[in-house]
1. Could you please find all residues in the stretch 56-86 being under 13 Å from residue 4 (Cα atoms) and open to solvent by 80 Å² or more (accessible area, probe 1.4 Å)?
2. When you go through 64, 58, 69 one by one, which is the residue that is within 17 Å of residue 24 (Cβ to Cβ) and touching a Cys at 6+ places or on another chain (Cβ under 8 Å)?
3. Go through (1) open to solvent by less than 40 Å² (accessible area, probe 1.4 Å); (2) out of contact with any Lys or Arg (no Cβ under 8 Å at 6 or more places or on another chain); (3) assigned to a loop (DSSP other than H, G, I, E, B) and name the single condition residue 53 misses.
4. Determine, yes or no, whether residue 50 is among the basic types (Lys, Arg) and in contact with a helix residue (DSSP H, G or I) (Cβ under 7 Å, 6 or more places away or on another chain).
5. Return the residues of the stretch 54-85 that are hydrophobic (A, V, I, L, M, F, W, C) and farther than 22 Å from residue 9 by Cβ; say none if nothing qualifies.
6. Kindly indicate whether residue 6 is modelled with pLDDT of 95 or more and among the charged types (D, E, K, R).
7. For the condition at pLDDT 95 or above, open to solvent by 30 Å² or more (accessible area, probe 1.4 Å) and part of a loop (DSSP other than H, G, I, E, B), what is the one hit in 23, 44?
8. Could you check, for the stretch 3-11, whether at least one of its residues is in a helix (DSSP H, G or I) and more than 19 Å from residue 86 (Cα to Cα)?
Amino acid sequence: LQVALDALADPVRRSILRDLATHDDWTRACGTFDLPVTKATRSHHFAVLRSAGLIEQRDEGARRLNRLRRPEFDQAFPGLLAATIDRAD
């Protein structure tokens, strides 16, 4: 739970999750997110989300596509995503 809470605490990571929640699975590549951070920091944020079990990634050619693992995460931590990403900061 602590790893998930730490991942959800960052506003940039929450914005990534909000964006993924509004798109179909595997339709958003890492480079398509409009984030106010450097490429290295962006990679770090995606790694944190992946390590916390919030997203899944797969490579498709030169692109790394993302999927929000909402069903799995909601099963493990009911209501946590809704309380954090379904509302604006």
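1. Result: 78, single match.
2. 64 is the lone residue from the list that is within 17 Å of residue 24 (Cβ to Cβ) and touching a Cys at 6+ places or on another chain (Cβ under 8 Å).
3. Looking at each condition in turn, residue 53 falls short on (2).
4. no
5. Within the stretch 54-85, 62, 65 qualify.
6. Yes.
7. Testing whether each residue is at pLDDT 95 or above, open to solvent by 30 Å² or more (accessible area, probe 1.4 Å) and part of a loop (DSSP other than H, G, I, E, B) leaves just 23.
8. Scanning the stretch 3-11, I find at least one residue that is in a helix (DSSP H, G or I) and more than 19 Å from residue 86 (Cα to Cα), so the answer is yes.
The values are calculated or read from the model by the stated rules, or taken from the named source; none is laboratory data. It should be emphasised that the depicted structure is a prediction, and the values quoted were computed from it without experimental measurement. Heads up, the Cβs are rebuilt from the backbone with ideal geometry, glycines too, and the neighbour counts pull from every protein chain shown. The protein model used for the area step is the full one, side chains on, heavy atoms only, and it has no ligands, DNA or RNA in it. Shrake-Rupley method; radii C 1.70, N 1.55, O 1.52, S 1.80 Å.
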